[in-house]
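Here is the structure we will look at.
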Amino acid sequence: MRSKFPLLVLLLILPASLLGRAWALEFTCIKNGEIKILFDAEVTVEKASYCTNKDGNILISENCHRKNCTKQLKPVKFDLDREVDSGIGTPGFTLCRMMGGKPEIIEFKLNEQWLGLDRCLFEPERTFIDTGYLYQLNLEKN
Amino acid sequence: MAQRASLLIRLTVLFTFLVVFFTNGAAENRALASDDSCTPVDLRGPKLGPVRHQDSLKWCASFAAADLLSYRLGQKISAVDLPLHQPKYLAQKIWDKIVPPKNQIKMAKKGEDPTVLIKESQQRGWCLEKDLPSEDNTLGWYASLFWEISLLKYTLDAGEPFEKERACRYLNTAFPGLNYETALKTLEEASLGTYYSALANQSCKNRIHDSKLIMEEKKLNLLRTNKEEIRNAIDQQLNKNNIVGVNYHSGIFKDSEAISITANHTGLIVGRRLNPVTLTCEYLIRNSWGRSCSYYTGYECEEGNIWFPINTLMNNLGNLFYAK
């Protein structure tokens, strides 16, 4: 048993390391949250349910988190340097459009504080993911 | 024989260049990595505010320039206003050449030199962000707002009918400080080369001026033999609590070992620290892609500001700029 202990430790660590960053993320979900978007130059506040990480810089809709919709995302070939070279602005916005979504700059409420971020909105189910996280997920799938 | 000799000479020159480039870089990297002068500096705060979001515009230079001005002037300056007076990069010039819409969008996305943007707008003054917002991408795509306004201008000039509601939406979104009638009249009366500038000037009635502002630039040479001089210049400014703009290559976002002699992106150095784990000196770069930290592989990131080892930045730096 003693001689097998290091192997046992290795077997426990290896799968965890292979799972990647997504495994390490812990989400807090807010059922009746609020999202601010600018529409026709006016601020609109909509009710939404979403999940975020402890720093509030990753955002995913609650229905996407619950259904694990990120697994269904079809990866897209996306070279960050080439896209920056060609002049596109924030890469996640272009990636969002390539994946059939609509990017929006938003603010969402967390612990009574409004935090700025963005989202890639997918119709008709209105699932959304922030475009930075979308980029990271796409990178992991490629 | 002569051909072989010529080829041999060319190969020798190329080899020498590569040796000087990489060994010089390596020697300086070692010096930079073990440097003791890395006192902590953090210039983030209310003058800069949260990291901005450049949406679908290739205007990182404008956002960096606007941030630099905001820090200097103590008021948030509009990023979008800066390039609207540079017809070289905007739809007006495109209309002159009657370029198809898809190419217009590409050209409308092209950026500008941040120092040129600041210097050329100094006499006119700088617009406040609240008068001409830079981060409203309602209707899906900020670049498309300009395209739609360009199409409207074309329609007006041709005397063709247009959808009033649609025109109102686009004009109101891009220039929310103007009522529809004023915006439409300004668009009608302005020439093809100046309509964006005219709309921006109507929006920005209370421009901020600073005639004493002088911009300084320093460039890393091709062989990178002046890295120490460049680093000293950055540190001098940080020690005076002055932020420094940098043009660099985005390859460093995913690879800390990347080396590039071209720059394709602009940001600001707003801090410095000694990394407590790696014991290397790092600069804090303020980007303009919002608060997300998901773009930056393997770096510590705080609210869209990224800590880069000095080596990594210096190996991919083009030039720097700051207000004296």
Please work out whether the range A:67-142 counts as rounded, prolate or oblate from its C-alpha gyration tensor, where a ≥ b ≥ c are the square roots of the eigenvalues and a/c under 1.5 means rounded, while otherwise a/b larger than b/c means prolate and anything else oblate?
oblate
Mind sorting B:SER288, B:SER6 by how few other Cβ atoms lie within 10 Å of their own Cβ, fewest first?
B:SER6, B:SER288
Under 12 Å Cα-Cα from A:LYS31, which aspartates and glutamates qualify once same-chain neighbours fewer than 8 residues away are excluded?
A:GLU62
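Listing B:ASP131, A:ASP79 from the residue with the fewest other Cβ atoms within 10 Å to the one with the most, what is the order?
Sorted ascending by nearby Cβ count, the order is A:ASP79, B:ASP131.
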Loop-located GluC sites (Glu not before Pro) in the range A:94-142, at most 13 other Cβ atoms within 10 Å (DSSP)
A:GLU112, A:GLU125
Among the trypsin sites (Lys or Arg not before Pro) in the range B:199-252, which ones are in a DSSP loop with at most 12 other Cβ atoms within 10 Å of the Cβ? Mind listing them?
B:LYS205, B:LYS212, B:LYS240
Dipole of the range A:67-118, positive end: most advanced residue of A:LEU80, A:MET98, A:CYS69 [Cβ charges, Cα centre]
A:CYS69
Listed with the fewest Cβ neighbours within 10 Å leading, A:ILE37, B:ILE269, B:ILE9 appear as B:ILE9, A:ILE37, B:ILE269
Once you average over the residues of B:289-302, how many Cβ atoms of partner chains fall within 10 Å of each Cβ?
6
DSSP loop GluC sites (Glu not before Pro) in the range B:173-258 with at most 16 other Cβ atoms within 10 Å of their Cβ, which ones?
B:GLU257
Restricting to Cα atoms and excluding each atom paired with itself, what does the Kirkwood estimate give for the range B:267-324 in Å?
12.0 Å
What is the spin-label model distance, in nm, from A:VAL43 to B:GLU165 if the labels are put 7 Å beyond Cα along the C-beta direction?
2.7 nm
Exceeding the 30 Å Cα-Cα cut-off - candidates A:LYS102/A:LYS141; B:LYS58/B:LYS218; A:LYS36/B:LYS218; B:LYS76/B:LYS240; B:LYS130/B:LYS218
A:LYS36/B:LYS218; B:LYS130/B:LYS218
Count, for each residue of B:236-245, the Cβ atoms from other chains sitting within 10 Å of its Cβ, then give me the mean as a whole number.
0
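Any read-out appearing in this document is the output of simple, stated calculations on the displayed coordinates, not a laboratory observation. Everything numeric here is computed off the predicted structure, so don't read it as measured data. Cβ: placed from backbone, ideal geometry, glycine included. Neighbour counts: every protein chain shown.
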